[in-house]
Amino acid sequence: MKNSILKNIALAGILAVGLSSCGSGGNSPDQNANSDADKQILGAGSTFGFPIYSKMFSDYGKTSSIQTNYQSIGSGGGIKQLMNKTVDFGASDAFLSDDDMSKAPAAIVQFPTCLGAVVLSYNLPGNPELKLTPEVVAGIFMRTITKWNDPKIAAENAGVSLPDMDITVAHRSDGSGTTYIFTDYLSKISDDWKSKIGTGKSVNWPDGELGGKGNEGVSGMIKQTPGTIGYIELTYALQNSMVFADVKNAAGNFIKPSIQSTSLCANGDIPADTRISIVNASVPDGYPISSFTWIMIYKEQNYNNRSKDKATNLVKELWWMIHEGQADATPLNYAPLPPKAIAAAEAVLKSVTYGGQPVMQ
């Protein structure tokens with residue numbers, strides 16, 4: 001009797017395996033798991049780009065079987081995770097420098113996905129609309145202008161009641177592409193800033209300033225602390241109903257940050273590696289603190305036992321982002337890529353390989 005039961009159990013097991021093979025087209029459980037994993041894309045980085053990336057990835061998921069998990073941890077964190085090969089792509093508002101590229105374990109390519117503006121938002125009684133010159137912006141962040149009723153601020157804001165209130169400055173505490181854009185701007189308008197502090201995703205800020213994590217953190221600090229000014233991405237300011245300043249550009253005009261004034265800064269030629277700064281561009285109606293934001297991936301996708309399907313899914317999604325996905329830009333207050341930037345991004349994605357062969361056919 002015991003032998004008969006054991007035979008029946010063994011026979012049932014054989015039949016179950018056979019039925020399972022028939023139902024799955026002959027794929028093993030491991031093969032099915034790999035197939036599912038190929039459809040899971042992981043990225044990390046820019047909080048500047050988080051609102052539009054969230055929408056793009058959601059929209060793409062509705063038209064495909066690809067699911068994208070994007071971690072809004074700041075540009076510095078995204079680059080670090082890409083360098084460690086723990087994500088499929090990194091996102092940053094600062095393109096990789098020569099030094100960054102030399103430290104990478106393999107060749108990395110990058111391309112812009114859209115444009116955005118960094119705005120100077122503040123919390124004052126009545127929240128008046130202010131005009132700020134480059135000299136005033138540099139003075140506030142270098143802590144040489146410390147009162148809201150300073151004559152240099154008042155000179156460009158006739159009729160505005162400026163309070164006798166200390167200026168509290170808020171900046172990013174994490175490694176940030178937004179910080180890179182803003183400090184790049186400060187370095188271009190102030191030799192003093194350039195020599196003493198400089199440009200970077202993280203810098204040594206003057207004493208007496210407050211740090212917040214992410215665009216979300218800085219936005220929260222501005223809203224909660226009267227007398228505070230800080231730099232945040234335009235979308236965050238609009239979503240939180242925050243006021244922000246018009247800034248005097250290189251042509252001498254005070255410009256309100258908008259999709260239109262941001263787009264105007266990006267009409268020039270784009271280098272093949274897409275690494276270009278457009279802050280303080282000499283465009284009469286261009287907003288001076290505008291920038292592309294970039295996505296970075298490894299040029300050779302055959303690494304860490306990645307499948308060709310995984311590489312193909314990633315590149316197809318990124319291709320969609322620079323084409324159909326651009327429809328998500330304007331509703332979220334980002335500027336879509338101009339034609340020259342799209343052409344440069346296309347060339348970058350066509351250069352991506354798997355086993356030395358182009359992923360895109």
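Since every read-out is calculated from the coordinates, none of them should be taken as a lab result. This structure is a prediction, so every number in the text was calculated from the model and none was measured. Backbone-built Cβ (ideal geometry, glycine too); neighbour counts: all protein chains shown.
Just a few scattered comments:
- Projected label points at THR225 and ALA104, each 7 Å from Cα along the beta carbon direction, are separated by 3.6 nanometres.
- Expressed to the nearest 5 percent, the antiparallel share of DSSP beta bridges inside the chain is 55 percent.
- Cα gyration tensor, the stretch 59-130 - rounded (a/c under 1.5), prolate or oblate: oblate
- Out-of-range pairs (alpha-carbon distance over 31 Å; input LYS201/LYS248; LYS80/LYS248; LYS213/LYS308; LYS39/LYS80): LYS80/LYS248; LYS213/LYS308
- Look at the dipole of the chain built from charges on Cβ: of MET321, CYS114, ASN302, the Cα furthest out on the positive end belongs to ASN302.
- The ranking of HIS171, HIS323 by Cβ neighbour count inside 10 Å, starting from the fewest, reads HIS323, HIS171.
- Across the stretch 85-97, computed HN-Hα scalar couplings (Karplus, 6.51 cos²θ - 1.76 cosθ + 1.60, θ = phi - 60°) run 6, 9, 10, 7, 8, x, 10, 8, 8, 10, 5, 5, 7 Hz from first to last residue, x flagging Gly and Pro.
- Environment charge at LEU132 (Cβ cut-off 10 Å; Lys +1, Arg +1, Asp -1, Glu -1): 0
- Summing +1 for each Lys or Arg and -1 for each Asp or Glu among the other residues whose beta-carbon sits under 13 angstrom from that of SER187 gives 0.
- Cβ-derived FRET efficiency at R0 45 Å, LYS196 paired with LYS62, nearest 0.05: 0.35
- Using only side-chain charges placed at the Cβ, +1 for Lys and Arg and -1 for Asp and Glu, the dipole size of the chain relative to its Cα centre rounds to 980 debye.
- The phi-based Karplus calculation (6.51 cos²θ - 1.76 cosθ + 1.60; θ = phi - 60°) puts the 3J(HN,Hα) values of the stretch 313-327 at 4, 5, 5, 4, 5, 5, 4, 4, 4, 8, 10, 4, x, 5, 5 Hz, whole numbers, x for Gly and Pro.
- Listed values for the stretch 221-229 are Karplus-derived 3J(HN,Hα) couplings in whole Hz (6.51 cos²θ - 1.76 cosθ + 1.60, θ = phi - 60°), namely 5, 5, 5, 8, 10, x, x, 8, 10, and x replaces Gly and Pro.
- Between amide H atoms placed 1.01 Å from N, distances below 5 Å from ILE255 occur with VAL247, LYS248, ASN249, all of them 5 or more places distant or on a separate chain.
- Positive dipole terminus of the chain, leading residue within VAL136, TYR70, ILE278 (C-beta point charges): TYR70
- Listed by chain and number, the aspartates and glutamates whose C-alpha is less than 13 Å from the C-alpha of LYS152, apart from same-chain residues fewer than 8 away, are GLU135.
- Alpha-carbon centroids, the stretch 227-244 and the stretch 254-315: separation in whole Å: 22 Å
- Separation of the HIS323 and GLU129 label points, Cα + 7 Å toward Cβ, nm: 4.0 nm
- Cβ-defined net charge surrounding GLY90, 14 Å radius [Lys, Arg +1; Asp, Glu -1]: +2
- Principal-axis tilt of helix 339-350 within the chain, Cα atoms, nearest 10 degrees: 30 degrees
- Using C-alpha pairs below 8 Å separated by at least 6 residues, the relative contact order for the chain is 22 percent.
- The trypsin sites (Lys or Arg not before Pro) of the stretch 265-361 that meet both conditions, a loop assignment by DSSP and at most 16 other Cβ atoms within 10 Å of the site Cβ, are LYS299.
- The label point for LYS152 and the one for LYS85, both projected 7 Å from the Cα toward the Cβ, are 5.0 nm apart.
- Mean residue ellipticity at 222 nm, helices only, the chain: -11500 deg cm²/dmol; runs of at least 4 DSSP H residues each add -39,500 (n - 2.57), and the sum is divided by the number of residues.
- Overall, the stretch 117-290 carries a charge dipole of about 120 debye about its Cα centre when +1 sits on the Cβ of Lys and Arg and -1 on the Cβ of Asp and Glu, all other atoms neutral.
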